[in-house]
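J.: This is the structure I have questions about; it appears just below.
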Amino acid sequence: MFPVKVILFPATAASAAVTLPVGNGQPTNGIVGIDYEMLEDLEDEVSSINSIYGEDTLAKISNEPRINALTIPSQSAISLRLEFPKDYPDAPPSILGTQSIGEHVAKGEGSYLVELVRETLAEVYLPGAPCVFDLIEEVGSRLQQLGIDQSSRNEEQQAAQAEGQQYQADQTNALTSDGQQALEPLWEEPPWNFSEVATEKKSIFVARSAAVTSVDQAKQYLAHLLATDKKVAKATHNITAWRIRRENGTQYQDCDDDGETAAGGRVLHLLELMGVWNAMVVVTRWYGGVQLGPDRFRIINQTARDALVSGGLTLETAKDGNKKKGKR
């Protein structure tokens, strides 16, 4: 009679293995297809990894001790399913896919991480040697190089917030004692009206509007803004739109996405819906590292509208005589 192995999963790593005499009377370990000595080595590796990076870095997701959820510390919003083969570390573990993905993770980022970890595993694994520590370290290093690890995103968020705060401070400091914008030596400061600063998932938005009577004046205002405000010039997007109607009835209108696809056209359409003429609006966005999807258009239009209302450039505010400049 041949010896057979009986499946018995120990309740904890510290539980004693159950051995049964089977067939020819030779004892066998209590887990089918995996030596108890190998299981202990795996438990030791899991314990070491969790003591280094945190207790949830490698976490069991079922009674099967060979399947764990792996969380890369530098990308903690995503966890992966990691399966150890029966003969690990003589054979490499397998990345089965994603186990969980955080609410604010961009679409496709989980799949990208799976492929990156698989590629990295193929490079760092050496037969007979535990590889999880080397895998985590190398993946973390590559994420940092790509600028998509958590620490890089935290830095982007802090930088974006600092840009917005400094922007507001600079606008406040630019006011003279009588509350008017200070004049530049080359051009007169355009009479900007400002929206409130909007922040959404690390991105910062602010819009400004001004009354204009010609296309050249609108272009001059925009050129002055980009030439004199370095923070605005370095922003991810400066979306612009204007509508001008001359006394002879000639009409001009134009817009620019500045890399934010279709955003300029949406702002121009907003001006049309609001019946705005002889005005321009610039919406500035500092990207915070998290994609907003369609929400970005809502915020862009909302800040644009706020800037127009702040300057009394809409039909409603013009009729009410409620022309007020945004305070910055």
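J.: With labels modelled as points extended 7 Å from the Cα through the Cβ direction, what inter-label distance (nm, one decimal) is found for Lys230 paired with Glu188?
T.: That separation, rounded to one decimal, is 2.8 nm.
J.: Given labels modelled 7 Å from the Cα in the Cβ direction, how far is it in nm from Gln220 to Glu247?
T.: 1.8 nm
J.: Could you go through the stretch 204-220 in sequence order and give the Karplus-derived ³J(HN,Hα) for each residue, using 6.51 cos²θ - 1.76 cosθ + 1.60 with θ = phi - 60°, rounded to whole Hz, and x for Gly and Pro?
T.: Values, residue by residue: 10, 10, 8, 10, 9, 10, 7, 7, 9, 10, 8, 4, 4, 5, 4, 5, 5 Hz.
J.: Also, quick follow-up: Using a probe of 1.4 angstrom, how much of the accessible area of the stretch 213-313 is carbon and sulfur, in percent? Write out the running numbers ahead of the final one.
T.: Numbers: 2120 of 4680 Å².
Ligands and nucleic acids excluded, carbon and sulfur reach 45 percent.
J.: Summing +1 for each Lys or Arg and -1 for each Asp or Glu, what net charge is found among the other residues whose Cβ lies under 15 Å from the Cβ of Ala59? Please report the intermediate quantities before stating the final value.
T.: On the way: positive: Lys60, Arg66, Arg81; negative: Glu43, Glu45, Glu55, Asp56, Glu64, Glu83.
Neighbour charge sum, excluding Ala59 itself: -3.
J.: Run the numbers for Asp56 and Glu119: contour at 0.36 nm per residue of separation, minus the present Cα-Cα distance, in nm.
T.: Working: separation 63, 0.36 × 63 = 22.68 nm, distance 2.30 nm.
In short, 20.4 nm is gained.
J.: Now for a separate question. What do you get for Rg/Rh of the stretch 197-328 when both radii come from the Cα atoms and Rh is the Kirkwood radius? Intermediate results must be reported in sequence, preceding the final value.
T.: Numbers: Rg = 14.3 Å, Rh = 14.9 Å.
Ratio of gyration radius to Kirkwood radius: 0.96.
J.: Kindly list the residues of the stretch 57-83 that lie in the label zone of Ser111, defined by a backbone N under 20 Å from the point 7 Å along the Cα-to-C-beta vector.
T.: Label zone hits: 77-82.
J.: Next question, about the same structure. Carbon and sulfur: what percent of the stretch 66-132's accessible surface (1.4 Å probe)? Each step should come with its number before you reach the end.
T.: On the way: 1650 of 3170 Å².
The C+S portion of the solvent-accessible surface of the stretch 66-132 is 52 percent.
J.: Could you work out the local net charge near Thr250, counting Lys and Arg as +1, Asp and Glu as -1, over the other residues with Cβ closer than 15 Å to its Cβ? Don't skip to the end; give the middle numbers.
T.: Details: positive: Arg243, Arg245, Arg246; negative: Asp216, Glu247, Asp254.
After counting each charged neighbour, the total is 0.
J.: Please report the relative contact order for the stretch 192-328, taking Cα pairs under 8 Å with a sequence separation of at least 6, and give it as a percent rounded to a whole number. Intermediate values should be presented prior to the final figure.
T.: Details: 279 pairs, mean separation 48.2, N = 137.
RCO, the stretch 192-328: 35 percent.
The values are calculated or read from the model by the stated rules, or taken from the named source; none is laboratory data. All values reported here derive from a predicted model rather than from experimental measurement. For neighbour counting, all protein chains shown are included, and Cβ atoms are generated from backbone atoms with ideal geometry for every residue, glycine included. Accessible surface areas use protein heavy atoms only, side chains included; no ligands, DNA or RNA. Shrake-Rupley method; radii C 1.70, N 1.55, O 1.52, S 1.80 Å.
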